[in-house]
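The values are calculated or read from the model by the stated rules, or taken from the named source; none is laboratory data. Just so it is clear, the model here is predicted, and its values are computed rather than measured. Glycine also receives a Cβ, built like all others from the backbone with ideal geometry; neighbour counts cover every protein chain displayed. The protein model used for the area step is the full one, side chains on, heavy atoms only, and it has no ligands, DNA or RNA in it. Shrake-Rupley method; radii C 1.70, N 1.55, O 1.52, S 1.80 Å.
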Amino acid sequence: MPIDAANPVPPTFPRHVGMDQVPDHVPADLIRQVGLTFGPEFLASPHDFMAALHDKQPPIYYDVSPMGNMWHFTRHEDALFGLRHPEIFSNEGATPFPRDPSDYFYFIPIEIDPPHHRKYRNIVDPVFSPQGVLKLEGLIRKRANDLIDEIEAKVAAGGSCEFTEDFGRPLPVAVFLDIMGLPQDMRDTFVSWAMELLHSNDRAIMGGAMQKITAYLKEAIAEKQANPDDGVVSRIAHAQVDGALMSEKEIFGFVCFLFIAGLDTVFATLNNIWAWLAENPEKRQEIIDRPQDIDKIVEELLRRWSVTFSGRVLDKDHEMRGVQLKKGDRVTFILPACNFDPEVFPDPLTVDFDRPRKTILAFTVGVHSCMGGHLARLEVKIALQEWLKRIPNFELKPGTRIEYRPGGVIGPEEVPLVW
């Protein structure tokens with residue numbers, strides 16, 4: 001529903017947690033406890049787990065979790081509908097991050113539905129549009145090659161390469177900090193806050209991380225207001241909406257959302273892809289042999305290794321597949337599972353660079369589609385091109401067992417490589 005971002009009010013719909021808080025309208029035969037994001041079966045192999053949901057669970061079921069009860073949607077068709085109908089599936093209060101009720105703010109623009117959503121998004125579209133991100137290509141290639149220089153020098157001196165620390169994290173996070181106008185020497189601190197917020201599955205730890213992020217960003221915004229620069233934080237701090245400067249709450253909610261969204265998703269995506277590449281030399285060679293097809297190669301890898309989910313709240317009663325959803329119900333579209341829908345992507349776990357083109361949901365769709373989607377595609381593309389040009393042959397360090405951390409962004413903890 002339309003809300004006033006300048007005067008934010010905590011949403012009034014309830015947050016249900018546990019079996020004793022399942023609403024009366026939920027049929028008993030649709031209640032599940034699947035352990036998405038934290039259960040041992042999920043953590044053993046997250047993407048296999050989500051692909052198997054199509055065989056093990058109905059297309060819509062009600063999941064009971066310590067992180068909150070909600071409907072899960074796994075079908076591509078249902079996700080397309082829900083993500084494209086914000087008048088039914090609202091984004092207000094749909095993000096899982098705890099906030100101080102006495103200092104509440106909306107995450108902008110993700111929690112702002114039409115008709116006000118677009119006016120915020122217009123502020124940063126020039127940076128994150130396809131044309132805007134192409135201006136960053138030279139910077140991204142330089143950062144990628146600088147990191148590979150460091151890796152090769154370390155390996156030549158007898159050291160080892162741990163991909164997540166040496167390339168997967170520093171490349172996209174450094175580029176993101178360049179775009180935002182935030183200091184590179186804070187990179188590891190920022191990432192540690194993001195890890196606590198996104199991967200602890202403990203609302204107390206999440207709340208503590210949110211407090212640290214809040215304190216830092218309020219100071220950073222004040223500094224940009226006093227000393228403007230070309231970064232996105234400064235752009236937001238000085239932007240006008242409807243002919244007037246935004247309120248402090250609007251500015252903070254916008255910057256805070258981009259800060260959280262930009263620190264973990266591409267990092268996790270690269271780590272997943274490289275762990276897979278290390279064990280699939282024939283696919284590495286196919287990528288090398290087909291430079292003209294790099295864009296559709298990237299698209300298939302993003303489909304196969306989607307890393308996150310999309311939450312909504314019902315703004316009105318609605319029925320789907322015979323399931324009665326009620327206003328205030330929370331919903332999660334399990335995007336990786338939707339990208340494994342066998343009705344849309346036959347043999348979905350197989351990486352096929354020649355799949356017929358279909359809409360992938362790695363970055364959602366509709367008015368709330370990910371602002372950073374074009375940047376993410378470019379970063380994955382450049383990472384593949386520059387890495388495989390210089391290090392075409394590599395494998396996982398013998399004895400490695402890929403382990404995943406719990407949380408709402410799916411990525412391996414470590415990817416040690418040898419060559």
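Summary table
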{"quantity": "Considering residues of the stretch 115-133 that are exposed (fewer than 14 other Cβ atoms within 10 Å of the Cβ) and more than 19 Å from the chain's Cα centre (by Cα) only, the residue modelled with the lowest pLDDT", "calculated": "Pro115"}
{"quantity": "Residue list for the stretch 298-354, filter: in contact (Cβ under 8 Å) with a residue 40 or more places away in the chain, β-branched (Val, Ile, Thr) and part of a loop (DSSP other than H, G, I, E, B)", "calculated": "Val307, Thr308, Ile334, Val344, Val351"}
{"quantity": "Identity of the residue in the stretch 238-251, within 24 Å of the chain's Cα centre (by Cα) and open to solvent by 10 Å² or more (accessible area, probe 1.4 Å), that ends up nearest to Lys119 (Cα to Cα)", "calculated": "Glu250"}
{"quantity": "Residues of the stretch 361-384 satisfying the condition of being open to solvent by 20 Å² or more (accessible area, probe 1.4 Å), among the β-branched types (Val, Ile, Thr) and either in a loop (DSSP other than H, G, I, E, B) or under 17 Å from Arg304 (Cα atoms) (or both)", "calculated": "Thr364"}
{"quantity": "Any hit, the stretch 292-304, residues being over 30 Å from Phe81 (Cβ atoms) and open to solvent by 40 Å² or more (accessible area, probe 1.4 Å)", "calculated": "yes"}
{"quantity": "Failed item in (1) touching a residue at least 60 places away in the same chain (Cβ under 8 Å); (2) open to solvent by less than 30 Å² (accessible area, probe 1.4 Å); (3) within 28 Å of Glu219 (Cβ to Cβ), with Leu136 passing the rest", "calculated": "(2)"}
{"quantity": "Test result for Ala204, exposed (fewer than 15 other Cβ atoms within 10 Å of the Cβ), modelled with pLDDT under 85 and more than 22 Å from Val127 (Cβ to Cβ)", "calculated": "yes"}
{"quantity": "Residue that is at pLDDT 90 or above and either of a type in the set (S, T, N, Q) or under 21 Å from the mean Cα position of the chain (by Cα) (or both), where the choices are Gln225, Gln211", "calculated": "Gln225"}
{"quantity": "Condition met for Arg357 (surrounded by fewer than 22 Cβ atoms within 10 Å (Cβ to Cβ), part of a helix (DSSP H, G or I), in contact (Cβ under 8 Å) with a residue 60 or more places away in the chain and of a type outside the set (Phe, Trp, Tyr))", "calculated": "no"}
{"quantity": "Some residue of the stretch 262-270 being over 30 Å from Leu388 (Cβ atoms) and either surrounded by 14 or more Cβ atoms within 10 Å (Cβ to Cβ) or modelled with pLDDT of 95 or more (or both)", "calculated": "no"}
{"quantity": "In the stretch 389-409, the residues that are over 28 Å from Phe309 (Cβ atoms) and either in a loop (DSSP other than H, G, I, E, B) or open to solvent by less than 10 Å² (accessible area, probe 1.4 Å) (or both)", "calculated": "Ile391, Pro392, Asn393, Phe394, Lys397, Pro398, Gly399"}
{"quantity": "Hits in the stretch 317-332 (condition: loosely packed, with under 13 Cβ neighbours inside 10 Å and under 21 Å from Val17 (Cα atoms))", "calculated": "Gln324"}
{"quantity": "Where a residue in the stretch 1-21 is more than 17 Å from Asn69 (Cα to Cα) and its partner, wherever it lies, is assigned to a loop (DSSP other than H, G, I, E, B) and of a type in the set (Phe, Trp, Tyr), with Cβ under 9 Å and at least six apart", "calculated": "Ile3/Tyr106; Ala5/Phe105; Ala5/Tyr106; Pro8/Tyr104; Pro8/Phe105; Pro8/Tyr106; Val9/Tyr104; Pro10/Tyr104"}
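Residue-wise test of (1) farther than 18 Å from Pro348 by Cα; (2) within 19 Å of the chain's Cα centre (by Cα); (3) modelled with pLDDT of 95 or more.
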| residue | (1), (2), (3) |
| --- | --- |
| Pro59 | no, no, yes |
| Ser65 | yes, no, no |
| Leu83 | yes, yes, yes |
| Ile88 | yes, no, yes |
| Glu92 | yes, yes, no |
| Thr95 | yes, yes, no |
| Arg99 | yes, no, no |
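Condition check ((1) touching a residue at least 12 places away in the same chain (Cβ under 8 Å); (2) surrounded by 19 or more Cβ atoms within 10 Å (Cβ to Cβ); (3) closer than 30 Å to Ala239 by Cβ; (4) charged (D, E, K, R)) across all residues:
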{"site": "Pro40", "(1), (2), (3), (4)": "no, no, no, no"}
{"site": "Pro46", "(1), (2), (3), (4)": "yes, yes, no, no"}
{"site": "Ala51", "(1), (2), (3), (4)": "yes, yes, no, no"}
{"site": "Asp55", "(1), (2), (3), (4)": "no, no, no, yes"}
{"site": "Pro58", "(1), (2), (3), (4)": "yes, no, no, no"}
{"site": "Asp63", "(1), (2), (3), (4)": "yes, yes, no, yes"}
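Matching residues to (1) under 23 Å from Phe97 (Cα atoms); (2) touching a His at 6+ places or on another chain (Cβ under 6 Å); (3) among the aliphatic types (A, V, I, L, M):
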residue: Val26; (1), (2), (3): no, no, yes
residue: Leu30; (1), (2), (3): no, no, yes
residue: Leu43; (1), (2), (3): yes, no, yes
residue: Asp48; (1), (2), (3): no, no, no
residue: His54; (1), (2), (3): no, no, no
residue: Pro59; (1), (2), (3): no, no, no
residue: Tyr62; (1), (2), (3): yes, no, no
residue: Gly68; (1), (2), (3): yes, no, no
residue: Trp71; (1), (2), (3): yes, no, no
